[in-house]
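Read-outs throughout are calculated quantities, based only on the coordinates presented, and are distinct from any laboratory measurement. Computed from a predicted model, the values in this text were never measured in an experiment. Virtual Cβ from ideal backbone geometry, glycine too; neighbours counted across all protein chains shown.
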Amino acid sequence: MTNPESVQSHYGTEPLIDRVEKALHLAGLDQGPVGWSQLAALDQFHIRGLEASEELGAELSLTPESHVLDVGSGLGGPARFLASTYGCRVTGIDLNPSFVDVATMLAGRTGLAERVTYHQADALQLPYGDGTFDHAWTQHVAMNIQDRPRLYGEIHRVLKPGGQLAIYDITAGTGGELIFPVLWARRPDISFLLTSEAMRQVLTAAGFSVVSWADKSQDGLAWYAKQAQQAATKPRPALNLGVVMGPEFAEMSANMARNLAEGRIRLTQAVVRRPSIAR
Ligand SMILES: C[S@@+](CC[C@H](N)C(=O)[O-])C[C@H]1O[C@@H](n2cnc3c(N)ncnc32)[C@H](O)[C@@H]1O
């Protein structure tokens, strides 16, 4: 089974607030209000950044009355995007306490603290009662989680009947073994990719029905090509994920692009639904 300490130490056990404050200062965002989208290069911690969240958000019918659970909320950018765009409430949980601290700080800086809250918790033991949330959301988290039946079972449990789960995850390809380090793991011991088909089977076995299912690998490749072009022609912006992942970030990113290009990984976007009639 996944060792939560190993996953925590991959993403960093040192307090992160000071590094993020420094990056905000360098970006000229240390004073006054900050727009949530100004943070996207830092806080959308997945391939294709904000555009992937916008696409996934459009798949859900969110309203100001919706309460969404973001499983593995990272620095909290996707939750702030959802709250700001749809007026909904979002609760994020993440294993890493320093990410929760930064997410909470950034919610305050972007004026969204009344609609987004973040808590430290393990996705395998969600600290919420049955049927608490209207919808759930998870992006680039499941690849660190071995016990997928339990992950999707927990999300199914805390969703109201009829609630939807929006997923954007890295899945296993047929192009061979992964090249490490990647953003979610420096070594194979905390990497647990499933193929898209296997993920679909586990979700179905957990009681979900599939609403939509799409492969986004080509979009991911196009995004990496654009990123490379920008890196070659523009100075690196102060807000970037290297602030979080440290000096290995460049190598991790290059490996992610290579793994995707060689079909070792794929990108899957899906929406599944907890049926309205309790099973
Ligand atoms: C690549 S980041 C993605 C963050 C965020 N979903 C986003 O897309 O911006 C992966 C996140 O998953 C979290 N995570 C991994 N395993 C977890 C678990 N068992 N429970 C809760 N969070 C977990 C990590 O701490 C990290 O913040």
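Structure summary
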| read-out | value |
| --- | --- |
| Relative frequency of Cα-Cα separations exceeding 29 Å in the chain, percent | 28 percent |
| Per-residue [θ]222 nm for the chain (sum of -39500 (n - 2.57) over DSSP H runs n ≥ 4, rounded to 500) | -11500 deg cm²/dmol |
| Size of electric dipole in segment 85-148: Cβ of Lys, Arg +1 and of Asp, Glu -1, about Cα centre, debye, nearest 20 | 220 debye |
| Equivalent ellipsoid semi-axes, segment 159-232, via Cα gyration tensor eigenvalues times 5, rooted, Å | 28, 18, 12 |
| Long-range amide H partners of Phe133 with built H, under 5 Å | Leu159, Lys160 |
| Residue order, fewest to most beta carbons within 10 Å, for Lys234, Lys226, Lys216 | Lys234, Lys226, Lys216 |
| Debye, to nearest 20: dipole size of the chain, +1 on Lys, Arg Cβ, -1 on Asp, Glu Cβ | 380 debye |
| Distance between modelled label sites at Ala205 and Gln31, nm, 7 Å Cα→Cβ extension | 5.8 nm |
| Inter-probe distance in nm under a simple model that places probes 7 Å from Cα toward Cβ, at Ile179 and Ala198 | 2.2 nm |
| Theoretical gain in end-to-end length, Ser9 to Arg236 [0.36 nm per residue, Cα-Cα removed] | 79.1 nm |
| Per-bin percent of Cα-Cα distances, segment 1-121 [10 Å] | 14, 45, 33, 8, 0 |
| Given charges at Cβ of Lys, Arg, Asp, Glu: segment 135-246 dipole, positive-most of Asn144, Gln227, Ile170 | Gln227 |
| Along each principal axis, Cα extent of segment 112-244, largest first, Å | 50, 42, 29 |
| Charge dipole magnitude, Cβ of K and R +1, D and E -1 - segment 216-270, Cα centre, debye nearest 20 | 140 debye |
